[in-house]
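The values are calculated or read from the model by the stated rules, or taken from the named source; none is laboratory data. In this text, all values refer to a predicted model and were calculated from it rather than measured experimentally. A quick note on method: Cβ atoms are made from the backbone with ideal geometry, for glycine too, and the neighbour counts reach across all protein chains shown.
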Amino acid sequence: MDAGLPIRAFFTTREGGVSAPPYDSLNLAVHVGDEPHAVATNRARVADAAGAPVTFLAAAHGIAVARVGAPGQSPPTADALVTSVAGVAVAAIAADCVPVLVHDDATGAVAAVHAGREGLFAGVIDAALAEMLDLRRAGAAHGRMRASIGPAICGLCYEVPADMRARVAGRHPAAFATTREGTAALDLPRAIEARLSELGVGEIVRVQECTAESPRLFSHRRDGVTGRFAGVAVCE
């Protein structure tokens with residue numbers, strides 16, 4: 001699905017791959033128990049769609065940011081990948097957490113961010129944008145940042161303990177949510193949208209599809225053992 005950014009950027013679904021159940025079929029994660037050759041084939045198909053080798057992040061559920069300087073470079077463990085090198089594609093994988101793609105008009109830089117509950121709380125969105133701003137040189141200080149928030153579990157489905165909701169919402173009030181049953185929940189996509197706006201991102205696109213509700217998306221909360229989809233951005 002198109003990410004709505006002025007570059008080549010998209011979110012994959014679980015369709016179009018070769019992995020067998022319960023990873024069927026376009027699983028892009030190497031750490032979930034899927035056959036390695038199937039994941040390699042799936043990643044190659046995503047690279048074909050991107051038109052460039054893709055560097056997939058290995059999430060740590062924190063705020064580490066890594067720069068990618070060459071096509072296909074293997075990154076360290078990090079929750080955000082940033083590049084300003086043309087021809088480099090970066091990807092954030094997820095299966096309920098929020099993949100976020102960012103593009104900076106001023107430099108052409110792109111970022112792929114994995115924003116889970118703990119990463120959001122600790123400041124992964126802030127860290128990724130700070131790294132992108134650091135790439136701006138004197139003469140390229142102005143420009144618009146645009147972001148696309150990918151599919152993720154919604155506030156009606158992401159039930160959490162009440163004390164956890166209070167903790168996260170204490171820092172990100174927009175995360176406060178309630179399930180259909182009236183229990184405590186978190187709305188991470190809404191909180192990320194609010195934080196991006198607070199940080200001055202000029203245009204924000206948000207995919208409204210919920211991973212727990214949509215059969216065409218992977219959801220760890222719904223299925224337990226499952227694959228991962230990705231948000232992919234290509235620096236042009």
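Of the residues GLY72, GLY87, the single one that is surrounded by fewer than 24 Cβ atoms within 10 Å (Cβ to Cβ), touching a strand residue (DSSP E or B) at 6+ places or on another chain (Cβ under 7 Å) and among the small types (Gly, Ala, Ser) is GLY72. Looking at ALA64, is it in contact with a strand residue (DSSP E or B) (Cβ under 6 Å, 6 or more places away or on another chain), closer than 27 Å to THR211 by Cβ and among the hydrophobic types (A, V, I, L, M, F, W, C)? The answer is no for ALA64. Taking every residue in the range 198-221 that is free of Cβ contacts under 8 Å to residues at least 60 places away in the same chain and pairing it with any residue that is among the small types (Gly, Ala, Ser), at least 6 positions away or on another chain, the pairs with Cβ-Cβ distances below 6 Å are ILE204/ALA147. Considering the range 65-87, and only residues there that are in contact (Cβ under 8 Å) with a residue 40 or more places away in the chain and under 17 Å from the mean Cα position of the chain (by Cα), the residue that is nearest to GLY116 (Cα to Cα) turns out to be ASP79. Here is a list: ALA194, ALA212, ALA184. Which entry is more than 13 Å from ARG117 (Cα to Cα), of a type in the set (A, V, I, L, M) and touching a Pro at 6+ places or on another chain (Cβ under 7 Å)? The match here is ALA184. Does ASP96 satisfy the criteria of being outside any strand (DSSP E or B), touching a His at 6+ places or on another chain (Cβ under 6 Å), at pLDDT 95 or above and charged (D, E, K, R)? When the stated conditions are applied, ASP96 passes them. Any idea which residue in the range 34-59 is farthest from ALA112 (Cα to Cα), counting only those that are touching a Gly at 6+ places or on another chain (Cβ under 8 Å) and not in a helix (DSSP H, G or I)? In this case the residue turns out to be ASP34.
Counting only helices (runs of 4 or more DSSP H) that fall entirely inside the range 124-236 and contain at least 1 residues that are within 26 Å of ALA52 (Cα to Cα), the qualifying elements are 124-134.
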